[in-house]
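Reading through the structure tokens given below for one structure.
Here, each number is a calculation from the coordinates, and none is a lab measurement. What you see is a predicted model, and the numbers here were worked out from it, not measured in a lab. A quick note on method: Cβ atoms are made from the backbone with ideal geometry, for glycine too, and the neighbour counts reach across all protein chains shown.
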Amino acid sequence: MSIKPTLETILERGLFASRWLMAPMYVGLVIALAALVVIFFQELIHVIPVLLAGSASAEDAILLALALIDLSLAGNLVLIVIFSGYENFVSKLDIGETEDRPSWMGTVDFSGLKMKLVASIVAISAIALLKAFLEAGEGATIDEARMLWLVVIHLTFVVSGVLLALMDWLASLTDKH
């Protein structure tokens, strides 16, 4: 049985401990999530007087709903990155077995995280595109270049998601090294 050199052991322990450098980034993402909550309520409060005055149209209500869904999807995306990223790259979350614990927590690997991120980004992009089409349908002048770019960007996200899923599927067919 050989004993590792002391320098190698110290280096490996230092490299392993360096994962904790990611922890402040996850704290920053919690702050970003709080910012999304503030913006969510700002959007809601901004529209309440219009709704109560009775001057809101069905399109206004749909646009509000889409804006709130967009923000909640972005919040879900941030939360998935916080939980999965922390558990995959820093340390397991030791919160016990409570019934509030999301069923996917502790089971999403990097590949699953990647697919959840892409799916969320595609959904957010689709909502942005739908909002732009609804706003254009309200009689506003249509910025054709902006609409074209929104469609191109959305299709790029969709194609990227399909290609990532295909790569994961192909990788699952090969023997694990």
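With a Förster radius of 41 Å applied to the C-beta separation of L21 and L166, the computed FRET efficiency comes to 0.80.
By the helix-only formula, in which each DSSP H run with n ≥ 4 contributes -39500 (n - 2.57) and the sum is divided by residues, the chain has a 222 nm mean residue ellipticity of -27000 deg cm²/dmol. With a ≥ b ≥ c taken as the square roots of the eigenvalues of the C-alpha gyration tensor of the range 43-158, please select rounded if a/c is under 1.5 and otherwise prolate if a/b is larger than b/c or oblate if it is not? Note, shape of the range 43-158 comes out oblate.
For the range 1-53, the square roots a ≥ b ≥ c of the C-alpha gyration tensor eigenvalues yield an a/c of 1.5 or more together with a/b exceeding b/c, which makes the shape prolate. The angle separating the long axis of helix 23-53 from the principal Cα axis of greatest extent in the chain is about 10 degrees. The angle separating the long axis of helix 110-137 from the principal Cα axis of greatest extent in the chain is about 10 degrees. When only alpha carbons are used to place a centre, the range 36-70 and the range 1-33 end up 44 Å from one another. The long axis of helix 144-173 is offset from the longest Cα principal axis of the chain by roughly 30 degrees.
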